[in-house]
1. Of the residues Ser82, Ser131, Ser142, which is modelled with pLDDT under 95, within 18 Å of Ile176 (Cα to Cα) and touching a Gly at 6+ places or on another chain (Cβ under 9 Å)?
2. Take segment 21-34 and flag every residue that is under 12 Å from Ser9 (Cβ atoms) and in contact (Cβ under 8 Å) with a residue 24 or more places away in the chain.
3. Can you name the helices (runs of 4 or more DSSP H) wholly within segment 1-118 that have at least 2 residues being buried (at least 20 other Cβ atoms within 10 Å of the Cβ)?
4. When you go through (1) open to solvent by 10 Å² or more (accessible area, probe 1.4 Å); (2) modelled with pLDDT of 90 or more one by one for Asp147, which number turns out not to apply?
5. Step by step: first the residues of segment 1-12, then only those that are more than 17 Å from Lys34 (Cα to Cα) and at pLDDT 95 or above, then the one that is nearest to the chain's Cα centre (by Cα). Which residue is that?
6. Do we have any residue at all in segment 153-165 that's modelled with pLDDT under 95 and either open to solvent by less than 60 Å² (accessible area, probe 1.4 Å) or touching a strand residue (DSSP E or B) at 6+ places or on another chain (Cβ under 7 Å) (or both)?
7. Could you please find all residues in segment 1-45 being over 24 Å from Glu61 (Cα atoms) and of a type in the set (D, E, K, R)?
Amino acid sequence: MNTIFITGSSSGIGKATAKLFAQKGWTVIATMRKPEKEIELTQYENVKLFPLDITNKEQVENTINEVLSHYEVDVLFNNVGSGMKARFEDVEEEVMWQSIDTNLMGMIRVTQKFVPYFKKRKSGIIMTTTSLGGEIGFPLDSVYSLDKWGLTGLCEMLYFELAPHNIQVKTLVPGIVRTNFQIKKYPLVEEEYEQIAKRQYDLVVPIEEEAEQPEEAALDVYNAICDTNKDRMAYVTGKVAKELCELRQKIGNEEFRKFFKNKIVLNKE
């Protein structure tokens with residue numbers, strides 16, 4: 001039986017992924033800040049709950065050491081994340097560091113603990129939820145873009161660096177998924193920015209009811225993990241996210257930036 005270690009399992013993509021892998025017969029190490037409050041995942045005998053706040057370095061070390069002393073983990077799925085909408089100049093430094101600590105440093109802490117373990121086993125898969133915001137620098141995504149582009153770059157580096165050790169590195173690239181994903185919003189003091197935010201949302205989610213469900217993203221995670229193509233890194237999930245990434249690849253970075261600026265920022269076709 002294979003084993004997957006998931007961060008951020010209390011809701012959204014993380015919980016949906018934990019359920020799906022459990023149903024597929026995997027042992028699931030589901031981590032979250034307050035496992036004592038979890039009800040749904042406790043219904044699965046092959047789901048094991050562990051406490052994990054990825055911003056707490058000591059807890060990261062203790063929890064992973066305990067897990068690896070009892071289980072042979074095949075897959076690490078880094079899934080914790082939080083969002084932010086703000087004008088760049090409005091974001092206080094303390095808030096920036098909180099975002100970086102959660103979205104980027106948290107993944108780094110966890111992954112650094114698993115790399116030596118996977119190297120010793122000469123196998124393993126490291127999958128990380130990045131974001132469409134890690135492929136496109138959306139206006140008003142502020143430090144979130146910094147975090148997610150940093151994740152994308154780090155994963156690509158690890159894709160190369162860990163290849164000689166038979167360790168696969170993959171990313172899940174979602175657009176808008178219908179979860180309780182936390183987005184910190186600052187008041188946008190100018191109507192111009194409110195309109196930019198609205199046009200951006202309308203582009204990414206043209207029809208509210210068609211926004212991707214976490215179960216759909218979880219299925220993409222499962223298919224990515226089971227994919228026999230060991231050379232593939234990025235798995236974009238969601239109809240609009242796929243269309244935008246394909247468009248950028250088709251027309252190139254400069255033309256895509258011009259298209260996006262005209263459509264979203266300047267409101268020109």
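The values are calculated or read from the model by the stated rules, or taken from the named source; none is laboratory data. Nothing here was measured: the structure is a model prediction, and the numbers come from that model. As a convention, Cβ positions derive from the backbone with ideal geometry for all residues, glycine included, and neighbour counts pool all protein chains shown. Areas reflect the complete protein model, heavy atoms only, side chains present, ligands, DNA and RNA absent. Shrake-Rupley method; radii C 1.70, N 1.55, O 1.52, S 1.80 Å.
1. Only one candidate passes the filter, namely Ser131.
2. Taking segment 21-34 and keeping what is under 12 Å from Ser9 (Cβ atoms), we get 21-22, 28-34.
Those that are under 12 Å from Ser9 (Cβ atoms) and in contact (Cβ under 8 Å) with a residue 24 or more places away in the chain: Phe21, Ala22, Val28, Ile29, Ala30, Thr31, Met32, Lys34.
3. Filter on segment 1-118 gives 12-23, 57-70.
4. With (1) open to solvent by 10 Å² or more (accessible area, probe 1.4 Å); (2) modelled with pLDDT of 90 or more applied to Asp147, the lone miss is (1).
5. Among residues in segment 1-12 that are more than 17 Å from Lys34 (Cα to Cα) and at pLDDT 95 or above, the one nearest to the chain's Cα centre (by Cα) is Ile4.
6. Checking segment 153-165: not a single residue is modelled with pLDDT under 95 and either open to solvent by less than 60 Å² (accessible area, probe 1.4 Å) or touching a strand residue (DSSP E or B) at 6+ places or on another chain (Cβ under 7 Å) (or both).
7. Hits for segment 1-45 are Lys19, Lys24, Glu40, Glu45.
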